[in-house]
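Report on one structure; see the data block that follows.
The values are calculated or read from the model by the stated rules, or taken from the named source; none is laboratory data. What you are looking at is a predicted structure, and each value in this text was computed from that prediction instead of being measured. Heads up, the Cβs are rebuilt from the backbone with ideal geometry, glycines too, and the neighbour counts pull from every protein chain shown.
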């Protein structure tokens with residue numbers, strides 16, 4: 001089965017196509033807030049690079065967050081539209097799983113931290129298990145200081161991944177046995193999305209397009225700003 005993966009939870013957008021032969025083609029771009037303008041051309045580019053037609057797809061996988069509201073909305077809307085038009089099922093995978101999966105080689109605790117803006121992080125904790133990773137603490141919103149305190153209490157070797165970890169690395173630099181991952185692990189990966197989705201597809205863990213539910217964890221920035229203005233008036 002061929003799977004189209006769409007990832008847009010963070011500052012970048014990514015697409016990939018793959019199946020039992022692995023990832024056939026992928027692309028990532030970082031264009032700030034231009035997710036809507038960039039996504040459709042990128043999907044078609046990846047399709048052409050993979051040498052397939054849309055009719056050959058068997059499922060669409062999408063990053064369901066947590067992440068930045070606009071990016072998530074664009075990615076999930078595009079993915080559900082494609083799945084509905086082709087009459088194929090979907091697979092939703094959390095963004096922090098996609099951050100942590102490429103670090104499955106480490107024996108350290110994997111700490112995924114995605115920049116949530118406004119001085120906050122979307123975070124989750126993972127451990128390496130045979131064949132991949134296992135989430136041991138569900139996604140939540142933290143300040144860098146709160147995450148730092150959590151890691152100090154755990155007192156075990158940890159690897160921090162994600163653009164949030166890099167943005168606030170000075171907060172974590174003084175914690176013993178904590179290592180920062182490289183820039184290549186800063187963003188959720190569409191390649192990881194396809195790989196994780198393929199494993200779920202083998203177990204037929206699909207959902208229909210109308211059952212995809214985004215993980216926001218907090219209100220959109222625009223809604224928060226509007227409420228703040230109302231309270232101040």
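For the range 182-189, does any single residue satisfy the condition of being modelled with pLDDT under 95 and more than 15 Å from residue 100 (Cβ to Cβ)? Yes, the range 182-189 contains at least one residue that is modelled with pLDDT under 95 and more than 15 Å from residue 100 (Cβ to Cβ). Please state which one of 133, 110, 91 is more than 24 Å from residue 212 (Cα to Cα), assigned to a strand (DSSP E or B) and touching a residue at least 24 places away in the same chain (Cβ under 8 Å). Exactly one residue qualifies, and that residue is 110. Kindly indicate whether any position in the range 10-27 is surrounded by fewer than 19 Cβ atoms within 10 Å (Cβ to Cβ), part of a loop (DSSP other than H, G, I, E, B) and without any contact (Cβ under 8 Å) to a residue 40 or more places away in the chain. Yes: the range 10-27 contains one or more residues that are surrounded by fewer than 19 Cβ atoms within 10 Å (Cβ to Cβ), part of a loop (DSSP other than H, G, I, E, B) and without any contact (Cβ under 8 Å) to a residue 40 or more places away in the chain.
Residues in the range 104-149 that are more than 20 Å from the chain's Cα centre (by Cα) and crowded, with 16+ Cβ neighbours inside 10 Å: 108, 148. Please verify whether residue 3 is in contact with a strand residue (DSSP E or B) (Cβ under 7 Å, 6 or more places away or on another chain) and surrounded by 18 or more Cβ atoms within 10 Å (Cβ to Cβ), treating the condition exactly as stated. Considered against the rule, which asks whether it is in contact with a strand residue (DSSP E or B) (Cβ under 7 Å, 6 or more places away or on another chain) and surrounded by 18 or more Cβ atoms within 10 Å (Cβ to Cβ), residue 3 comes out as yes. Scanning the range 28-58 for residues that are at pLDDT 95 or above, surrounded by fewer than 16 Cβ atoms within 10 Å (Cβ to Cβ) and farther than 20 Å from residue 87 by Cα yields 45, 48, 49, 51.
In this structure, does residue 74 turn out to be at pLDDT below 95, crowded, with 16+ Cβ neighbours inside 10 Å and in contact with a helix residue (DSSP H, G or I) (Cβ under 9 Å, 6 or more places away or on another chain)? When the stated conditions are applied, residue 74 passes them.
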